[in-house]
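One structure is given here, and the rest of the page talks about it.
The values are calculated or read from the model by the stated rules, or taken from the named source; none is laboratory data. Small disclaimer: the values here were computed from a predicted structure and weren't measured. As a convention, Cβ positions derive from the backbone with ideal geometry for all residues, glycine included, and neighbour counts pool all protein chains shown. In case anyone asks, the SASA skips ligands and DNA or RNA and just uses the protein heavy atoms, side chains included. Shrake-Rupley method; radii C 1.70, N 1.55, O 1.52, S 1.80 Å.
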Amino acid sequence: KRGEGNNPLLRRGRAEFVGEAVTSQTYLMWSGGFPWIVPSRAESSGRILGEVWMVDDATMARLDALEGNGHMYQRQLLPVTLTERRARERSGLLGAFHAQGYIWLREHGGRIVRPDGSGIIDWKGGAW
């Protein structure tokens, strides 16, 4: 996420910010210093607000290493929609599409991050 501690990883690689997006499906989000999500329809679940970036293969490999893809998280396709009209028009992503995101694979702990009144979960301004 822009402004967060791991953003330099995106800036060092070939990455382009596309826009903020929200998931089509609902998830539970926990926080214990960093966020993790799992699919859920529980009352405390919500749609996740985050960012979409276009990245090259080398940057994706660095992201996978950072996120512990395969043992802490599993990278999956998540259905999302860009939140800003200008970003949708600029990117050509006018409706829902699939973006790569990371789903938590371990035991749950930390605290549940609750959705706001509109059902959106925004951890530190939106991150996934």
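Taken over the stretch 44-85, the criterion of being among the acidic types (Asp, Glu) and farther than 20 Å from GLU107 by Cα is satisfied by GLU51, ASP56, ASP57, GLU84.
Among residues of the stretch 33-45 that are closer than 11 Å to ILE112 by Cβ and of a type in the set (S, T, N, Q), those with a beta-carbon under 7 Å from a residue that is part of a loop (DSSP other than H, G, I, E, B) and open to solvent by 60 Å² or more (accessible area, probe 1.4 Å) at least six positions away or on a different chain give the pairs SER44/ARG114.
Filtered by the rule that a residue be surrounded by 15 or more Cβ atoms within 10 Å (Cβ to Cβ) and either farther than 11 Å from TRP30 by Cα or without any contact (Cβ under 8 Å) to a residue 60 or more places away in the chain (or both), the stretch 96-112 gives PHE97, ALA99, GLN100, GLY101, TYR102, ILE103.
When GLY119 is tested against (1) surrounded by 17 or more Cβ atoms within 10 Å (Cβ to Cβ); (2) farther than 16 Å from GLU16 by Cα; (3) of a type outside the set (A, V, I, L, M, F, W, C), just one condition goes unmet, and that condition is (1).
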